[in-house]
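Working notes, structure below.
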Amino acid sequence: MFSVTSVAKNSTLPPNENTPMTLAVETRQLARDFDGVRAVDCIDLRVERGTFYGFLGPNGAGKSTTIKMLTGLLAPSAGEIRVLGRDILDPGEAIEVKRKLGVVPENLALFDNLTAREYLTFVGRMYLLPRETIRARADELLTLLDLNADDKKIALEYSHGMRKKLALAAALLPNPDLLFLDEPFEGVDAVTSRVVRDVLAGYVARGATVFLTSHVLDLVEKLCTHVGVIVRGKLVEQASLDAIRQGGSLEASFLRVAGADAEGTGAKLDWLGAAS
Ligand SMILES: Nc1ncnc2c1ncn2[C@@H]1O[C@H](COP(=O)(O)OP(=O)(O)OP(=O)(O)O)[C@@H](O)[C@H]1O
């Protein structure tokens, strides 16, 4: 489905048979530069299978860049990546692992001239699903995500939230082992958000893995079992949700590890709202 450029010529990650089968994602010193500026700075991610992993960070911290590398959409500048026990930087292994992945990328990347059903059918055929399975799953997903009423519209005519829902439906359709979701709830209405949360919770309870980015910490707190925090490209925290919260709120912990000055923000822009 995606093109992959291999950069890890001298891989030192253990061969497949020695990689712990419990890991869905493992990176070593993963890095990406843009025009000489380091966007992702030597991060070591470890995501156990069957976990709901929230990948948090301020704007521009490197979350989307990381997801693009983990899904083979972007070549790393350095480092190693194993996804579901396989080297995603090896073109042969990447094909195998991508059959087992679902992705909602940052830019959604839909085909604008297809209706939702046409797009889901296309995706299902790419994953080599039988036509009857595609039809049945597409029916269920379009109903669940409340996209049925707009079945004549093409994706170009969709609102932002509708596009997000269609991308999510496409990611779920092949029943992947591992889902990468970049801001899946952004722009999605409250009713659908609740439905999607329940679907994802059930999906993980059945043994699958979700790797999600979100700025909505309440949602992360409700859903995630594990959290990683990236700040200016560096992984500054990675632990279970409970260990990161330390009995407090996720927001307080996040602000602390992200180095934000929560107290100071109210004192700024004194001119705002003042009589001029
Ligand atoms: N194609 C690109 N060319 C140049 N710089 C880029 C490119 N993509 C990302 N960057 C830079 O890399 C850094 C990380 O960006 P990234 O999109 O990964 O952040 P993010 O954590 O997903 O942010 P947000 O929460 O705002 O979506 C930023 O400084 C961004 O400007």
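The values are calculated or read from the model by the stated rules, or taken from the named source; none is laboratory data. Predicted, not measured: the structure shown is a model, and the values here were computed from it. Glycine gets a Cβ as well: all are built from the backbone with ideal geometry, and neighbour counts include every protein chain shown. The area values use the complete protein model at the heavy-atom level, side chains included, leaving out ligands, DNA and RNA. Shrake-Rupley method; radii C 1.70, N 1.55, O 1.52, S 1.80 Å.
Counting heavy atoms of the protein chains only and a 1.4 Å probe, report the per residue accessible area for the chain as a whole number of Å². It would help to have the intermediate numbers written out before the result.
Working: 13550 Å² over 276 residues.
Here the residues of the chain average 49 Å² of exposed surface.
Pairwise over distinct Cα atoms, reciprocal of the mean inverse distance: report the Kirkwood radius of the chain in Å, one decimal place. Could you put the intermediate results ahead of the total?
Working: mean 1/r = 0.0506 Å⁻¹.
Taking every pair of different Cα atoms in the chain, averaging 1/r and inverting gives 19.8 Å.
With each label point set 7 Å from Cα along the Cα-Cβ vector, what nm distance links ARG232 and GLU140?
Simple spin-label model gives 4.7 nm for this pair.
Suppose every K and R has +1 on its Cβ and every D and E has -1 on its Cβ; what is the size of the dipole of the chain about the Cα centre, in Debye to the nearest 20?
On the way: 32 positive and 36 negative charges, 97 e Å.
The dipole of the chain has a size of about 460 debye.
At q = 0.09 Å⁻¹, what log₁₀ I(q)/I(0) does segment 78-233 have when each alpha carbon counts as one equal point scatterer in the Debye sum?
-0.30
Summing +1 for each Lys or Arg and -1 for each Asp or Glu, what net charge is found among the other residues whose Cβ lies under 12 Å from the Cβ of LEU250?
On the way: positive: LYS222, ARG245, ARG256; negative: ASP218, GLU221, GLU237, ASP242, GLU251.
Taking every Cβ under 12 Å from that of LEU250, the sum is -2.
Can you run the Rg to Rh ratio on segment 12-130? Use alpha carbon positions and the Kirkwood inverse-distance Rh. Each step should come with its number before you reach the end.
Details: Rg = 15.6 Å, Rh = 15.7 Å.
So for segment 12-130, dividing Rg by the Kirkwood Rh gives 0.99.
Under 16 Å Cα to Cα from LYS234, which aspartates and glutamates show up? Leave out anything in the same chain fewer than 8 places away.
Cross-link targets: GLU26, ASP33, ASP41, ASP44, GLU80.
What are the ³J(HN,Hα) couplings of segment 249-256, residue after residue, when phi is run through the Karplus curve with 6.51, -1.76, 1.60 and θ = phi - 60°? Round to Hz, x for glycine and proline.
8, 5, 4, 4, 5, 4, 4, 5
Would you mind checking the radius of gyration and Dmax of segment 197-276 based on alpha-carbon positions, in Å?
Radius of gyration, then largest Cα-Cα span, for segment 197-276: 16.6, 59 Å.
Which whole-angstrom value gives the distance between the alpha carbon centres of segment 188-258 and segment 135-161?
27 Å
With the dipole of the chain worked out from charges on the C-beta (+1 for Lys and Arg, -1 for Asp and Glu) around the Cα centre, which of SER64, LEU272, GLY233 lies farthest toward the positive end?
Toward the positive end, the furthest listed residue is SER64.
Per the 1.4 Å probe, what fraction of the accessible area of the chain, in percent, lies on carbon and sulfur atoms?
Details: 7020 of 13550 Å².
C and S atoms contribute 52 percent here.
From the residues LEU168, ILE244, VAL220, which one has its Cα farthest along the dipole of the chain in the positive direction, the dipole being from +1 and -1 charges on Cβ of Lys/Arg and Asp/Glu about the Cα centre?
LEU168
With each run of n ≥ 4 DSSP H residues scored as -39500 (n - 2.57), what mean residue ellipticity at 222 nm is computed for the chain after dividing by its residue count and rounding to the nearest 500 deg cm²/dmol?
On the way: 9 runs with 90 residues, N = 276.
Helix-only estimate at 222 nm: -9500 deg cm²/dmol.
Ordering MET162, MET126, MET69 by how much accessible area each has at a 1.4 Å probe, largest first, what is the list?
Values: MET162 30, MET126 80, MET69 0 Å².
Ranking MET162, MET126, MET69 by accessible area, largest first, yields MET126, MET162, MET69.
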